[in-house]
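All of the numbers you see were taken from the coordinates with simple rules; none came from a lab. Every value quoted in this text rests on a predicted model; they were computed, and no experiment measured them. Backbone-built Cβ (ideal geometry, glycine too); neighbour counts: all protein chains shown.
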Amino acid sequence: MTDAIQPAGRGDRAIISVRNLVKYFPIESGLLRRQVGLVKAVDDVSFDLNDGETLALVGESGCGKTTTSHCIIQAQRPTAGEVHFRIGDTRPVDLTKMEKADLKKARRNIRMIYQDPYSSLNPRMTLLQIIGEPLKIHGQVKSQDELRARVSDLLRLVRLDPSTLNRYPHAFSGGQRQRIAIARALSLSPKVVIADEAVSALDVSVQAQILNLLKELQRELGLTYLFVAHNLAVVKYEADRVAVMYAGKIVEIGETEELYTCPKHPYTEALISAAPNPDPDTKNRPRIVLTGDVADPGNLPGGCSFHPRCRYAEDLCKQETPPLMELSAAGEPSHQSACHFADRLSLAGIGAAELTTDRDAA
């Protein structure tokens, strides 16, 4: 292991650089609503999102994935930290320090697809109004005819019939609604799209269609994705790199194949072990059953937050919080882990080959 470094991708291709991002929510009590504590939803998170890649942010519910994505687009202002955004060869700008008017312009290049296609679309608006609203707000169209033409093109882009642009969301299935949400996200020709559990509310067969669509759009439009998810099979298919979160921190980050084949954090190891696998030849593979409760972000344990559930934990883990450390040699793809004993993990037998993640099947 080398000295601790900031968890960032190697090279200078980063389109978004998140540094020491923090988001705390106050815990209030009593009639006077006095602050008695803090919920550490995001606690010192740093990573790079490289131009043209798909970076998956994974972890169980409540680990801080969605809050991190909201802080990146400034839907929630972070407590501390920086979010540097670069377009082309221009100098990166810190979104956290932008005024409202400048932030509105920057958001044209960072758009979001939300989890629930039923609640993310206004039921009282037609497709023309839903998809065309960002175009009108940002002054991208000058007439109603131009608006209809642009919306029709966007519907074709997501493989929907342009003749449906005067219909309302209730006339469409869940998968079609998510395509509408994707069209809305792409309406301003963004550079970065954040997909927050974009397929988790859909049937498995429909998930595959949407995942394939997202990959096709990435190739056609040169998009960069931050893919927030908890389904390991989906992540294996979609992502180039994976960042694993636990209790508000990134505990491991690396290229997808290497991380799935040779996890270097006990939490990642347990997640991969628990992935369902219908293959009878691997039914007797080792299973790691985590004991104890998920860490409470309002009352985190000392040292490593994962140590009460970790089978490798020693006294050091209870006393010192491990930094995110670089494990790979110089010149190799970056692989980082926040574990004092990352070198002890050797459960490669439950890696990528045994997950139901065949790209052709999807």
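Remarks
- At full extension, Glu133 and Arg148 could sit 4.3 nm farther apart than now, given 0.36 nm per residue minus the alpha carbon distance.
- Length released on extending from Lys100 to Met125, taking residue separation times 0.36 nm less the Cα-Cα span: 6.4 nm
- Computed about its Cα centre, the charge dipole of the chain is approximately 1580 debye, with only Lys, Arg, Asp and Glu carrying charge at their Cβ.
- Cut-off 15 Å (backbone N to label point 7 Å along Cα→Cβ of Arg159), residues of the stretch 200-220: 203-220
- For Leu57, the residues whose modelled amide H falls within less than 5 Å of its own, excluding neighbours fewer than 5 places apart on the same chain, are Phe227, Val228, Ala229, Ala243.
- Computed E for Glu220/Val294 - FRET, C-beta separation, R0 35 angstrom, nearest 0.05: 0.30
- Its relative contact order, with pairs defined as Cα atoms under 8 Å and 6+ residues apart, puts the chain at 20 percent.
- Listed by chain and number, the aspartates and glutamates whose alpha-carbon sits under 17 Å from that of Lys97, ignoring those within fewer than 8 places in the same chain, are Glu82.
- Cα Rg, Dmax, the stretch 61-121, angstrom units: 13.0, 39
- Met325 long-range amide H proximity, modeled H, under 5 Å: Ser337, Ala338, Cys339
- Relative to the current alpha-carbon distance between Ala330 and Glu28, full extension at 0.36 nm per residue lengthens the span by 104.0 nm.
- Charge dipole magnitude, Cβ of K and R +1, D and E -1 - the stretch 141-281, Cα centre, debye nearest 20: 760 debye
- Helix-only CD estimate at 222 nm, as mean residue ellipticity for the chain, using -39500 (n - 2.57) per DSSP H run (n ≥ 4): -8000 deg cm²/dmol
- Close amide H pairs (under 5 Å, H built 1.01 Å from N) link Gly37 with Ile27, residues at least 5 positions away or on another chain.
- For the stretch 257-262, putting each phi into the Karplus relation 6.51 cos²θ - 1.76 cosθ + 1.60 with θ = phi - 60° gives couplings of 4, 5, 5, 6, 7, 9 Hz, in residue order, rounded to whole numbers and with x for Gly and Pro.
- Phi-based couplings in Hz for the stretch 80-87 (Karplus 6.51, -1.76, 1.60; Gly and Pro marked x): 7, x, 9, 10, 8, 10, 10, 10
- Cβ crowding within 10 Å averaged over residues, with 229-236, 323-330 ranked highest first: 229-236, 323-330
- Taking all C-alpha pairs of the chain, those more than 40 Å from each other amount to 16 percent.
- Karplus-derived HN-Hα couplings along the stretch 264-272 (A = 6.51, B = -1.76, C = 1.60, θ = phi - 60°), whole Hz, x at Gly and Pro: 10, 9, x, 5, 4, 4, 5, 4, 5
- In this structure, the pairs whose alpha-carbon distance is over 31 Å, taken from Lys136/Lys249; Lys23/Lys318; Lys65/Lys264; Lys191/Lys318, are Lys136/Lys249; Lys191/Lys318.
- Lys/Arg +1, Asp/Glu -1 at C-beta; the chain dipole; positive extreme among Cys71, Thr96, Ile137: Ile137
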